[in-house]
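So the structure is just underneath, and the comments pick up after that.
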Amino acid sequence: MAHATTDTALAGSYGAAAAAAAKTPGYWGGVWRKLRRDPVTVVCMAVVLLIVLAAIFAPFVAPNDPYATSMTRRLKPIGTDGHLLGTDELGRDMLSRLIYGGRISLFTGLTPVFLATLIGGGLGLLAGYFGGLVNTAVMRTMDVFYAFPSVLLAVAISGALGAGLLNVLIALTVVFIPPICRIAESVTTQIRTEDYVDAARATGASTPRIIGTHILPNVLGPVFIYASSLISVSIVVASGLAFLGLGVSPPQADWGLMLNTLRQAIYIAPVNAVVPGVMIFITSMCFNMMSDGLRSAMDVKD
Amino acid sequence: MHDTSQAATLPIADDTRDRGGPMQPLLIVEDLKKHFPIGGGFLRKAPSVVRAVDGVSFHVDKGRTLGIVGESGCGKSTTARLLTHLIPPDAGSIVFDGDPVGPYGGITVADLRKQMQMVFQDSYSSLNPRLPIVDSIAFGPKAHGTPTRKARADAEELLGLVGLNPRQFARRYPHQLSGGQRQRVNIARALAMKPRLVVLDEAVSALDKSVEAQVLNLLARLKEQFSLTYIFISHDLNVVQYISDRVLVMYLGEVVEIGDVDDLYSAPSHPYTQALLSSRPSMDPARRRIAPPLTGDPPNPVNPPSGCRFRTRCPLAEPICAARAPELAALPDRPGQSVACHARGVGTGHSLSPAA
Ligand SMILES: Nc1ncnc2c1ncn2[C@@H]1O[C@H](COP(=O)(O)OP(=O)(O)O)[C@@H](O)[C@H]1O
Ligand SMILES: [Mg+2]
């Protein structure tokens, strides 16, 4: 065996070649940098930010009282003096109602996804890490929910629980838990077999520490990407439930509910009737494209 | 040239923990078994098992290197993972420096893990892609209560010891390193736990020949510096010969031969060892072809042959080989070398069995 090379020969090899890559930002720093360079994502972020800010500061931003009805000013077209986006079937200012409606619509869009990410992600992580019976118990339970189409399930649950905002949140959370759980489980199961997890186990570190350092950060990415794509679904389904009368009740402003009440006027003032739908479309599209941007920013190695 | 000054500051890992004295083997493994169930499912009993490790026994003396060789799939990695209890053994006992490992007296698995570390073949999969390498190295000590700052400083020192300039490499991510550099990091990570025994599972097998030589030299130097004991697993007979003091040959989950490296390589006794050694490319034509080379694949470990598992590929197979499994026994003329073969044992009923 002629292993004559001494390992000190290596000392020279790391001298000059690698000096360039001295400072490297953290992984998430890199993701953020790539997101900022993606024009589509930046535009979507700006639009979402605008809608969110408008919703938060609705009392200051909205030009009119969203609940003030007027029998004489019903279904005014877009561009009417004092009503930039026209008025609805009760003469209320559309723009003001859309701004106020963002509060409920965004809330019902984001909250279930957030809760489902916590619960479903946590369950999937545990199922994936511990495998065996834990996995079987968790995943077979999820399969039961999976058997139904998600919209149908949401309608069924809110129907059973009764109308109301809280019940919509519960219904949507229950609907989103299984798919998020499944993603978290499959990613965890795969990472669980990586040698670095075995190496960590071989140090005798505690299970929570191993999960926190080596599993969670690697599972979070794919789960985030998936969850962010659910936000648009959540907004649309929540609006749909409101449209069906299962969500918030009139006279509250909600994009889905507005779509519902305006549908009677679809032949008289089609443009007005469509405006809340456009709002839902724009918002969910923005979240969808931000999710795509996040996916590609996190995808690339280096 | 880059580490001698730092070497003195790290404590040499021995003395106080050396409970059994120099004559006590550091590791004694007795009848280790792991059968993986396959084809089973929820609420259904698995119809069959892979006999990945099926009654392996050996010991490793302090400060020595035991090489483990065998074809792919013979159970080398499973053995390594059983030793570190990354997978629980189905049967068998492990005695570390005189202390049996297990719940009944002796030392716990946690105690064992503090003294035994592992280096894996796949240098990339062995490192968390989201963690700067210094944090990968510092993870173990931190988990055992070393303050972050101290653990990081130690990790940087170790990087220097394995030949990576910490100022350049500490904050890098695994994908920014070459395979050889990553394997150095993995070695540093193992050393961070101040182990007494390091199990190296194909640790250099994925490296280029020149890098492999450098890492082997590094391993030899670290072994001296930290009074380490190695279990070195590889399918590469040349590398095993270079680094090992003793060599264990595995076939289908069993030990077929074990002996001192020079004896075993110059006078292999088991037909499988002979075939393995003769099939490797040799520079010296005179030493080639001691035995016919191996043909075909090893049989399926789910359903191994009866009796001696090698008999289906063995030129010396006789009816006794199918009837009874040979025991691992010392050769009559060479007590340091043990072999499991009816043709070599005394009074086995094989036509080649030596007279008593
Ligand atoms: N987790 C597992 N489940 C089922 N079979 C396994 C598992 N791990 C290893 N095996 C099987 O056990 C045998 C030994 O594998 P391994 O120890 O990896 O061999 P080696 O490292 O010598 O190549 C192989 O047949 C392999 O397919
Ligand atoms: Mg292997």
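The values are calculated or read from the model by the stated rules, or taken from the named source; none is laboratory data. Everything quoted here is computed from the prediction, not taken from an experiment. Here the Cβ positions follow ideal geometry from the backbone for every residue, glycine too, while neighbour counts run over all protein chains shown.
Among the residues of region A:43-86, what is the count of those that are modelled with pLDDT under 90 and in a loop (DSSP other than H, G, I, E, B)?
Final tally of qualifying residues: 23.
Among (1) surrounded by fewer than 19 Cβ atoms within 10 Å (Cβ to Cβ); (2) within 23 Å of the chain's Cα centre (by Cα); (3) in a helix (DSSP H, G or I), there is one condition A:VAL175 misses while meeting the rest; what is its number?
Going through the list (1) surrounded by fewer than 19 Cβ atoms within 10 Å (Cβ to Cβ); (2) within 23 Å of the chain's Cα centre (by Cα); (3) in a helix (DSSP H, G or I), A:VAL175 breaks only (1).
The rows are residues; the columns are (1) away from ligand 2 (no atom under 16 Å from the Cβ); (2) more than 10 Å from chain A (Cβ to nearest Cβ); (3) among the aromatic types (Phe, Trp, Tyr).
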{"residue": "B:VAL69", "(1), (2), (3)": "no, yes, no"}
{"residue": "B:LEU82", "(1), (2), (3)": "no, yes, no"}
{"residue": "B:PRO89", "(1), (2), (3)": "yes, yes, no"}
{"residue": "B:ARG113", "(1), (2), (3)": "yes, no, no"}
{"residue": "B:VAL119", "(1), (2), (3)": "no, no, no"}
{"residue": "B:ASP122", "(1), (2), (3)": "no, no, no"}
{"residue": "B:ILE137", "(1), (2), (3)": "yes, yes, no"}
{"residue": "B:GLY145", "(1), (2), (3)": "yes, yes, no"}
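Return the residues of region A:252-302 that are among the basic types (Lys, Arg) and part of a helix (DSSP H, G or I); say none if nothing qualifies.
Within region A:252-302, A:ARG263, A:ARG295 qualify.
I'd like to know if region A:234-251 contains one or more residues that are assigned to a helix (DSSP H, G or I) and in contact with an Asp or Glu (Cβ under 6 Å, 6 or more places away or on another chain).
yes
Scan region B:187-233 residue by residue and report those that are within 16 Å of ligand 1 (Cβ to nearest atom), surrounded by fewer than 24 Cβ atoms within 10 Å (Cβ to Cβ) and either among the small types (Gly, Ala, Ser) or under 20 Å from B:ARG19 (Cα atoms) (or both).
Residues satisfying the conditions are B:SER205, B:ALA206.
So which strands (runs of 3 or more DSSP E) are wholly in region B:159-254 and hold at least 1 residues that are more than 16 Å from ligand 2 (Cβ to nearest atom), under 15 Å from the mean Cα position of the chain (by Cα) and closer than 17 Å to B:MET116 by Cα?
B:197-201, B:229-233
Quick test for you: out of B:ILE28, B:ILE38, pick the one residue that is of a type in the set (A, V, I, L, M) and at pLDDT below 90.
B:ILE38
Are there any pairs, at least 6 apart or on different chains, whose C-beta atoms fall under 6 Å, with the first in region A:134-149 and modelled with pLDDT of 90 or more and the second of a type outside the set (Gly, Ala, Ser) and surrounded by fewer than 12 Cβ atoms within 10 Å (Cβ to Cβ), and if so, which?
Close Cβ pairs satisfying both conditions: A:THR136/B:PHE42.
Against the conditions (1) of a type outside the set (S, T, N, Q); (2) free of Cβ contacts under 8 Å to residues at least 12 places away in the same chain; (3) part of a loop (DSSP other than H, G, I, E, B), where does A:TRP28 fall short? Just the number, please.
(3)
Considering only region B:308-325, how many residues are in a loop (DSSP other than H, G, I, E, B) and out of contact with any helix residue (DSSP H, G or I) (no Cβ under 7 Å at 6 or more places or on another chain)?
Looking only at that region, the number is 4.
Which one of these is more than 11 Å from chain A (Cβ to nearest Cβ), of a type in the set (A, V, I, L, M, F, W, C) and touching a Leu at 6+ places or on another chain (Cβ under 7 Å): B:ALA203, B:ALA188?
Within the list B:ALA203, B:ALA188, the selection yields B:ALA188.
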